[in-house]
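Engineer: What follows is a single structure, and I will ask about it in a moment.
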């Protein structure tokens, strides 16, 4: 089929204009700024300095720490989301009384803005009035009320859990759709062949879901690398910068230290890392390249 | 959260906390929608220098309208522009289409913090700062890649023969899309519409950065602002957060079946 130019233009322009105007142009601008000394506190020093911003930020006092906390966050959040959403989807795909309600219940957090979810968990972990304290006290796990959010690991945990809570529905939904599209004949055939439950899961469910696994892995990784709202609402990077991830410092560089060069360099690094990770996923799941289907 | 929203301020700040509201009250919801009255009652109750209400709270009713308008526009844009673009990518044969498609998907990878300052400059130059169109443009930018991607896998499942038949019968390409393809991919369209609605509805960061007054602030921004105050009326915030969830809940409840069915055919393969 040969499409004529007019149709193609009509088809693509409405979508690509916002995409390029607000996607790649700003990205290019960020890449450009990242090569300059551009600090609003020292406007007279504006000038081209090449890759110096990149070297500078890696030597900043926060770099290693924030990188570590980003990695910790990603390593905790991504596997949990992947496997929890798969498990939930398998549960919700079963036909039983109330499965519709279960599906609804799983999807509900989707409608919660990250900000609200963050607030919610912040209050649950509150040192004076939070329910978590009270429950743990009644279970005799702790003796007195604890200021959870001033402790490193619990604070991280609060951020992770509020993030998971809101992020979980979309992967679950995608997995659910995938599971429901598995032809039942495959299972019947495997039963005839005498396959055990685990073997069935590996041979049929997992194989069939691989493409979705890829999409989910990519979406989850992206959102957890770029996580910002829960940190902003719950801990503001504290205690002692333990939850201040690299995105949070990019934000600080830009809006508190007003060093646009540094911030752009950081942001561009995040972008590069995202791309590398995505190629790694394609390689790991042996899906070949992302392809356009026709 | 529901629990807290139904309690009064003194009840919320008791030790040990209540698991269920002792005397359920809808006062907080009333306060959310009518901030002036809330201020008066709180003054009476706590006296001057006691608890106060963040000023942004008065912008809440306006923010509901803003959020709904923005999200509906986003759904419209995604349905129209997203479908058109995805269809063109799937069926059109033109030079550089693969590269363009990768570029489209890669648009999703850009970290929000990287682009927010350029946004500010661009929007400032176009005199669009702090307007709903600005928020809509930005939301359109980050919902469209996913729409195009999912619809592409969906469109690929439709046999091209059907369209050829329609073309032979004298339909133009756009007519084919509207009258033949569109009905076929309806479930996918519904799913995409909902996903983009949710993304726009819950987005905080960009809306937070490019809005300054009540003219364009969306719900998450207001709630975020209220929670950033040093002294916060937690009950009212919880009520406002819950109110902000309601449209999403209704949409999920109504469209759950379509959503799953739409994705079953689409997102797979």
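Engineer: Of the residues A:64, A:17, which is farther than 30 Å from residue B:82 by Cα and either at pLDDT 70 or above or not in a helix (DSSP H, G or I) (or both)?
Structural biologist: Only one candidate passes the filter, namely A:64.
Engineer: If you don't mind, there's one more thing I want to ask. I'd like to verify a number: residues in the stretch B:81-96 that are in a helix (DSSP H, G or I) and more than 7 Å from chain A (Cβ to nearest Cβ), how many?
Structural biologist: Matching residues across the stretch B:81-96 total 2.
Engineer: Whether any residue in the stretch B:143-157 is free of Cβ contacts under 8 Å to residues at least 12 places away in the same chain, part of a helix (DSSP H, G or I) and at negative phi is what I want to check.
Structural biologist: Taking every residue of the stretch B:143-157 in turn, none turns out to be free of Cβ contacts under 8 Å to residues at least 12 places away in the same chain, part of a helix (DSSP H, G or I) and at negative phi.
Engineer: Tell me, yes or no, whether the stretch B:85-102 has at least one residue that is within 27 Å of residue B:222 (Cβ to Cβ) and touching a helix residue (DSSP H, G or I) at 6+ places or on another chain (Cβ under 7 Å).
Structural biologist: no
Engineer: Could you check, for the stretch B:112-131, whether at least one of its residues is over 30 Å from residue A:113 (Cα atoms), crowded, with 19+ Cβ neighbours inside 10 Å, in contact with a helix residue (DSSP H, G or I) (Cβ under 9 Å, 6 or more places away or on another chain) and within 11 Å of chain A (Cβ to nearest Cβ)?
Structural biologist: No, that holds for no residue.
Engineer: Can you tell me how many residues in the stretch B:97-137 are in contact (Cβ under 8 Å) with a residue 12 or more places away in the chain and not in a helix (DSSP H, G or I)?
Structural biologist: Final tally of qualifying residues: 3.
Engineer: Could you check the stretch A:194-205 and list, in sequence order, the residues that are surrounded by 10 or more Cβ atoms within 10 Å (Cβ to Cβ) and part of a loop (DSSP other than H, G, I, E, B)?
Structural biologist: If the condition is that a residue be surrounded by 10 or more Cβ atoms within 10 Å (Cβ to Cβ) and part of a loop (DSSP other than H, G, I, E, B), then A:195 is the only one that fits.
Engineer: Please state which one of B:234, B:194, B:250 is modelled with pLDDT of 75 or more and either within 7 Å of chain A (Cβ to nearest Cβ) or surrounded by fewer than 22 Cβ atoms within 10 Å (Cβ to Cβ) (or both).
Structural biologist: After ruling out the rest, the residue left standing is B:250.
Engineer: Does residue B:144 qualify as being within 30 Å of residue A:253 (Cβ to Cβ) and buried (at least 19 other Cβ atoms within 10 Å of the Cβ)?
Structural biologist: Criteria met by residue B:144.
Engineer: Residues that are touching a helix residue (DSSP H, G or I) at 6+ places or on another chain (Cβ under 8 Å) and at pLDDT 80 or above: which helices (runs of 4 or more DSSP H) entirely in the stretch A:220-294 hold 1 or more of them?
Structural biologist: A:260-284
Engineer: Here is a further query. Of the conditions (1) modelled with pLDDT under 75; (2) buried (at least 20 other Cβ atoms within 10 Å of the Cβ), residue B:61 fails just one. Which one is it?
Structural biologist: Condition not satisfied by residue B:61: (2).
The values are calculated or read from the model by the stated rules, or taken from the named source; none is laboratory data. If you're wondering where the values come from, they're calculated on a predicted model, not measured in any experiment. Note that we place each Cβ from the backbone using ideal geometry, even for glycine, and neighbour counts take in every protein chain shown.
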